[in-house]
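Visitor: Can you keep this structure in mind? I'll have questions shortly.
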Amino acid sequence: MSVTSPQPGWWNTPLHKEEKIWITIAFVWCILITLAMPAWHLFGTQNAASEYYKISTEDFGFLTDAFIEKYTVGEDSGVPVVAPPAGADIFLRGQQWGWDPVLKLKQGSTYRLHLSSVDVNHSMSLLPMNMNFKAVPGWDNVLTITPTSSGSFNLICNEFCGIGHHSMNGKIIVDS
């Protein structure tokens, strides 16, 4: 039995200098991004500051109804419009298939937004800001928000919540 040398091919030719450089660059880049991701998460300002509290859906509904009754200033397509004072705790309720109330906020004022659902999981997306927050029954998701630009911002649901999911809209109006 004789031993033959391997036939030449792409798999056993040495790497060229340019290939070694690009492989090294790609490897170093992967290591840097892998290390940067936890740093962005821990020290970045892009993460929304939030608190979570366990609450019954009935209690959250009661708090939202009391908030609506106290600060209602009008109506938008059958949904109450509320204008709370700066610094107030504000409530936004997700339920099949809408967000209520419509929030009328002041630009530059800070609020504590209480977000929850009274029926199934929802996910509130604030457009065009491309921000997304979960609304889960039994949990009060509290976000500290300060609107920085005026205008009308749409709310949609990103979590499929049933047959009327496509029509689940809401609104936040920010006055300067």
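Visitor: Is it fair to say F91 is assigned to a helix (DSSP H, G or I) and either surrounded by 18 or more Cβ atoms within 10 Å (Cβ to Cβ) or of a type in the set (F, W, Y) (or both)?
Guide: no
Visitor: I'm told E75 meets every condition in (1) free of Cβ contacts under 8 Å to residues at least 12 places away in the same chain; (2) surrounded by 11 or more Cβ atoms within 10 Å (Cβ to Cβ); (3) assigned by TED's automatic domain parsing to the domain that holds V136; (4) in a helix (DSSP H, G or I) except one. Can you identify the failing condition by its number?
Guide: Single failed check for E75: (4).
Visitor: Consider only pairs whose beta carbons are under 7 Å apart and that are at least six residues apart or on different chains; among these, list those whose first residue lies in the range 111-138 and is part of a loop (DSSP other than H, G, I, E, B) and whose second residue is surrounded by fewer than 20 Cβ atoms within 10 Å (Cβ to Cβ) and polar (S, T, N, Q).
Guide: So the pair list comes out as V118/T57; D119/Q96; V120/Q96; V136/N121; P137/T57; G138/S56; G138/T57.
Visitor: Can you find even one residue in the range 5-20 that is among the aliphatic types (A, V, I, L, M), surrounded by fewer than 12 Cβ atoms within 10 Å (Cβ to Cβ) and either out of contact with any helix residue (DSSP H, G or I) (no Cβ under 8 Å at 6 or more places or on another chain) or at pLDDT below 90 (or both)?
Guide: The answer is yes; a qualifying residue exists.
Visitor: OK, next. Tally up the residues in the range 120-159 that are of a type in the set (D, E) and modelled with pLDDT under 90, please.
Guide: Total satisfying the criteria: 1.
The values are calculated or read from the model by the stated rules, or taken from the named source; none is laboratory data. In this text, all values refer to a predicted model and were calculated from it rather than measured experimentally. Methodologically, a virtual Cβ is constructed for each residue, glycine included, from the backbone with ideal geometry; neighbour enumeration extends over all protein chains shown.
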